[in-house]
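The values are calculated or read from the model by the stated rules, or taken from the named source; none is laboratory data. All of these numbers come straight from a predicted model, not from anything done at the bench. Using ideal geometry, Cβ is built from the backbone for each residue, glycine included, and neighbour counts are taken over all protein chains shown.
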Amino acid sequence: MTSTRILARRRLGATGAAPHVTAPPRRRRRTRGFVQVAGSVAAERLRLNVFGHAYVGLGAVVIALLFYLAIAAQITQASYDMTRLQDQQRQLIAEQDQLRYQEVTLHAPAQVQQQATQSGMQRVAPSSYVAGQEVAIDLSTPVGASPADTTPLWLRAVAAVVNTVGGTQTVMASTKK
Amino acid sequence: MLVVAVVLAGMVWSRLAYWQVAQHGRLTLQAQAQYREFVPLPAVRGALFDRNLKQLVVNTTVYSAFVSPDQVAPGDRDRVASGLASVLGVDKTAVMKTLQSNSKFAYISRRFSKTKADQLRPLKLPGVGLQDETQRSYLPGIAQGTTLAANLLGFVNWNGDGRYGLEEKYQVALAGTPGYISSYRDLANREIVLGTHTHQDPVNGSDLVLTLDANIQYAAEQALADGVKRDNAESGSVLIMDPATGGIVAWADYPSYNANDFNHTDAALFKDNVVSYVYEPGSVMKIVTLSGAINAGAIAPDTVINDPGVLSVGGYRIYDWDRRNHGNVDYTYVLAHSLNVGAMKAMLTEGHSAFYNNLQAFGFTQPSGIDVAGENCLLPPKADQMSDSQYATTSFGQGIDVNMVQMLAAANVIANGGKYAPPHLVERVGTHVNPLLLQPQRQAISPETAAKMTAMMQQVVQHGSGWTSRIKGFELDQAGKTGTSQIPVNGQYTQDVWASFVGFLPAQHPRFTMLVVIRKPHYPGSDRDWTLNDGYMTAEPIWKTIAQTMVVDWHITPDSQ
């Protein structure tokens, strides 16, 4: 059986854990950056006093201010340009809409007809004919005998009474031809 | 002392609580109004196209001029008023009055064209501003001051809401969803770019492709206007349908209006008589009655009956239109000569219950469901609530009210081989096909019955009341039926009529079904012979004119050639 402890020992070495050997501390190289070197050199040469530092600081602030103003001016100009272009775009869209309407109207049936009429054109009805043929109904057949109302007398009497009381009861020839 | 301090502190706390809790919402909104800017981004409203993708409406930009009188110096007032009056044509005195009012804002003129705006801009009038707005511009109609299919399309009001017709029905799909930009602003009203900035793009409205044909629509409007004027009628309408699909090809009303100038239009003209006006269809209904009876096996086209010219039903004596005894006639003759007695006998042979079922099958017991706003219908009472006389009069189209869409859809059953094609106007919404087109059509009557009725309707044109609709070359391939019904007023029938004609062409392979209805015609000479107001003199010639145009435009050829 190989227990986890044995495996751990095997991993560390057959003879058990080796004594921890600490590496000798690496000596840290002390180097100076270019900026530090240049800064110290400049300071040594300029030999700035407190006022000098103040002037430099003020100069930096002024430069920053000018930079800000330049940027702000550019932004303002850009915003003006944007507004102008947006306005121009709106006008162009409006013009495009108008042209689109004109284009659509040119193809409108009313316009087409007007132009056709001006050009002397007119619609023609189809001129082809189809030969006639015999029909099922013989219209020469005489109509039947005179009207023979087969309604019972009592029903006519009731209808007459109802007509008198309730107004016109006769449905007229309301669905002529 | 302590009590006083507690009371004072309590007052302060309660006041704080009032502002911080009770008034929190209102104050937040007020504060946001100062530093938060909300710019709506309007969605572009969808366009409308006809079946040939011809655009029927265009979104255009119009302008409104406003003035801030407090920003116009007294010395500039005259110049400003003169400039506005000369360009916009407004009353100079009224403008001067506005400028002297010292108010903050006032409109000078609304929704004028870009041309005027371009003239106004270079004047650089102080205190005057231009506001651009979107407007729907519709195609010109048959006459100056009308637009094409105005009653059908409706219009869009100044709030951007569709009113009437398709614009109202499809408001949601057409309008889309507006977007917005929400950002912070500093004291100088400059945007704080680093602040919270929300940008929601608008979703533009969907385009609609209609089943309408702009050319046929125009021809229909023209023929209708001419016909209504000739007949001295109150109004008229034309409805044309594709028999196979139920798609509406033309939808014309006269009188109509100018949808581009809806705000100066009499509101009564907005009403769409095709779908919102109910009328008694008259003898056109006989094709429904006889079809039902044939389909039920109760009668056949050659079944002979005796027509003495009158029939008593439920205590009422109901006459044929000519009050003549026609003797023994078959049902083909009954339809060709529009005999009321024959229609009633067919209904009685079939039975009330079967007749009512037939009304249901042809779609008269429910609204047509067409996709246009404002459908109006007056449904018949339930089967057991209808009296014998009502059944009798319904069989020849009186005592029942329908709208034109219902009637045309019912007549189209014959043209469509017995199938009920749901009437509709929109073929596609954006890229989606109208789901109605994907559904199977209901078989109302058998194809054999439809064929028999077609043959009977051909006889109407060849030998009956449909003779004035005959088109050269199609004399034997035309099916139709007239209808003339008296208009009831306060329960009494008057001498005014609704005259109509329905027909399809070519009879065996129909390309269109058309219904023409003329309301209260007074045909020249009808004061001496009022039968001149009948459908064969008023509606049929209009039908014929439009059908001739369709034959040419759609290259329709006769079946029998």
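Here is a list: B:283, B:237, B:256. Which entry is touching a residue at least 60 places away in the same chain (Cβ under 8 Å), polar (S, T, N, Q), buried (at least 18 other Cβ atoms within 10 Å of the Cβ) and away from chain A (no Cβ under 14 Å)?
Values: B:283 fails: away from chain A (no Cβ under 14 Å); B:256 fails: away from chain A (no Cβ under 14 Å).
Step by step, each of B:283, B:237, B:256 is checked, and only B:237 is touching a residue at least 60 places away in the same chain (Cβ under 8 Å), polar (S, T, N, Q), buried (at least 18 other Cβ atoms within 10 Å of the Cβ) and away from chain A (no Cβ under 14 Å).
Suppose we filter segment B:317-345 for residues that are hydroxyl-bearing (Ser, Thr, Tyr), facing another protein chain (nearest Cβ under 8 Å) and surrounded by 22 or more Cβ atoms within 10 Å (Cβ to Cβ); how many remain?
Total meeting the criteria: 3.
Taking segment B:472-510, which residues are more than 7 Å from every other protein chain (Cβ to nearest Cβ), in contact with a Lys or Arg (Cβ under 8 Å, 6 or more places away or on another chain) and of a type in the set (S, T, N, Q)?
Passing the criteria: only B:478.
If a residue has to be touching a residue at least 40 places away in the same chain (Cβ under 8 Å) and either within 19 Å of residue B:536 (Cβ to Cβ) or not hydrophobic (A, V, I, L, M, F, W, C) (or both) to count, how many in segment B:291-320 make the cut?
Selection size over segment B:291-320: 7.
Considering every residue within segment A:89-107, establish whether at least one is out of contact with any Asp or Glu (no Cβ under 6 Å at 6 or more places or on another chain), modelled with pLDDT of 55 or more, facing another protein chain (nearest Cβ under 9 Å) and within 30 Å of residue B:471 (Cα to Cα).
yes
Scan (1) over 30 Å from residue B:556 (Cα atoms); (2) surrounded by fewer than 19 Cβ atoms within 10 Å (Cβ to Cβ) for the single condition residue B:262 breaks and write down its number.
That leaves (2) as the condition not met.
So which of B:118, B:91 is within 14 Å of chain A (Cβ to nearest Cβ) and without any contact (Cβ under 8 Å) to a residue 24 or more places away in the chain?
After ruling out the rest, the residue left standing is B:118.
Taking segment B:537-561 as the search range and keeping residues that are in contact with a helix residue (DSSP H, G or I) (Cβ under 9 Å, 6 or more places away or on another chain) and among the acidic types (Asp, Glu), which one is nearest to residue B:504 (Cα to Cα)?
B:540
Tell me the residue from B:472, B:419, B:382, B:452 that is among the charged types (D, E, K, R), at pLDDT 95 or above, in the same structural domain as residue B:293 (by TED's automatic domain parsing) and over 26 Å from the mean Cα position of the chain (by Cα), please.
Working: B:472 fails: at pLDDT 95 or above; B:419 fails: over 26 Å from the mean Cα position of the chain (by Cα); B:382 fails: at pLDDT 95 or above.
Testing whether each residue is among the charged types (D, E, K, R), at pLDDT 95 or above, in the same structural domain as residue B:293 (by TED's automatic domain parsing) and over 26 Å from the mean Cα position of the chain (by Cα) leaves just B:452.
Can residue B:513 be described as of a type in the set (Val, Ile, Thr) and either within 12 Å of chain A (Cβ to nearest Cβ) or more than 24 Å from the chain's Cα centre (by Cα) (or both)?
Judged against the criteria, residue B:513 is not a match.
Suppose we filter B:47, B:73, B:43 for residues that are more than 48 Å from the chain's Cα centre (by Cα), of a type in the set (Gly, Ala, Ser) and under 30 Å from residue B:119 (Cα atoms); which single one remains?
B:73
When only residues in segment B:383-402 that are of a type in the set (S, T, N, Q) and farther than 12 Å from residue B:344 by Cβ count, which is surrounded by the fewest Cβ atoms within 10 Å (Cβ to Cβ)?
Of everything passing the filter in segment B:383-402, B:385 is surrounded by the fewest Cβ atoms within 10 Å (Cβ to Cβ).
Those residues that are within 7 Å of chain A (Cβ to nearest Cβ), surrounded by fewer than 23 Cβ atoms within 10 Å (Cβ to Cβ) and in contact with a helix residue (DSSP H, G or I) (Cβ under 6 Å, 6 or more places away or on another chain), I need them from segment B:454-470; list them, please.
Matches in segment B:454-470: B:459, B:463.
Table: residues versus (1) in a strand (DSSP E or B); (2) among the polar types (S, T, N, Q).
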position	(1), (2)
B:487	yes, no
B:495	yes, yes
B:500	yes, yes
B:503	yes, no
B:507	no, no
B:510	no, no
B:513	yes, yes
B:516	yes, no
B:523	no, no
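State the number of residues belonging to segment B:28-65 that are among the small types (Gly, Ala, Ser) and either under 30 Å from residue B:85 (Cβ atoms) or within 10 Å of another protein chain (Cβ to nearest Cβ) (or both).
Result for segment B:28-65: 3.
What single numbered condition from (1) assigned to a loop (DSSP other than H, G, I, E, B); (2) in contact with a strand residue (DSSP E or B) (Cβ under 8 Å, 6 or more places away or on another chain); (3) surrounded by fewer than 24 Cβ atoms within 10 Å (Cβ to Cβ) fails to hold for residue B:244?
So the condition that residue B:244 fails would be (2).
Checking residue B:451 against (1) part of a helix (DSSP H, G or I); (2) farther than 20 Å from residue B:541 by Cβ; (3) at the interface with chain A (Cβ under 7 Å from one of its Cβ atoms), only one condition comes out false. Which one?
(3)
Go through segment B:408-431 and report how many residues are without any contact (Cβ under 8 Å) to a residue 40 or more places away in the chain and farther than 19 Å from residue B:294 by Cβ.
Residues that pass the stated criteria total 1.
Quick one: residue A:2 ticks every box in (1) at pLDDT 80 or above; (2) surrounded by fewer than 10 Cβ atoms within 10 Å (Cβ to Cβ) bar one, so which box is it?
Only one criterion is unmet by residue A:2, namely (1).
I need every pair where a residue in segment B:209-234 that is within 12 Å of chain A (Cβ to nearest Cβ) has its Cβ under 7 Å from the Cβ of a residue that is small (Gly, Ala, Ser) and part of a helix (DSSP H, G or I), sequence separation at least 6 or different chains.
B:218/A:110
Taking the conditions exactly as written (touching a helix residue (DSSP H, G or I) at 6+ places or on another chain (Cβ under 7 Å) and surrounded by fewer than 24 Cβ atoms within 10 Å (Cβ to Cβ)), does residue B:446 satisfy them or not? Explain how you work it out, then say what you get.
On the way: touching a helix residue (DSSP H, G or I) at 6+ places or on another chain (Cβ under 7 Å): yes; surrounded by fewer than 24 Cβ atoms within 10 Å (Cβ to Cβ): yes.
When the stated conditions are applied, residue B:446 passes them.
Would you check if residue B:524 is surrounded by fewer than 18 Cβ atoms within 10 Å (Cβ to Cβ) and closer than 15 Å to residue B:534 by Cα?
Judged against the criteria, residue B:524 is a match.
Quick one: which strands (runs of 3 or more DSSP E) sit completely within segment B:1-112 and have at least 3 residues that are under 30 Å from residue B:213 (Cβ atoms)?
Output list reads B:55-67.
Is there a residue being under 19 Å from residue B:357 (Cα atoms), hydroxyl-bearing (Ser, Thr, Tyr) and not in a helix (DSSP H, G or I) anywhere in segment B:417-427?
Taking every residue of segment B:417-427 in turn, at least one turns out to be under 19 Å from residue B:357 (Cα atoms), hydroxyl-bearing (Ser, Thr, Tyr) and not in a helix (DSSP H, G or I).
Can you give me the number of residues within segment B:540-554 that are more than 11 Å from every other protein chain (Cβ to nearest Cβ) and either under 14 Å from residue B:478 (Cβ atoms) or in contact with a Ser or Thr (Cβ under 7 Å, 6 or more places away or on another chain) (or both)?
Number of matching residues: 3.
Go over the candidates A:102, A:77, A:96, A:114 one by one and state the one that is over 32 Å from the mean Cα position of the chain (by Cα), polar (S, T, N, Q), surrounded by fewer than 14 Cβ atoms within 10 Å (Cβ to Cβ) and part of a helix (DSSP H, G or I).
A:114
Can you spot a residue in segment B:486-497 that is touching a residue at least 24 places away in the same chain (Cβ under 8 Å) and within 28 Å of residue B:451 (Cα to Cα)?
no
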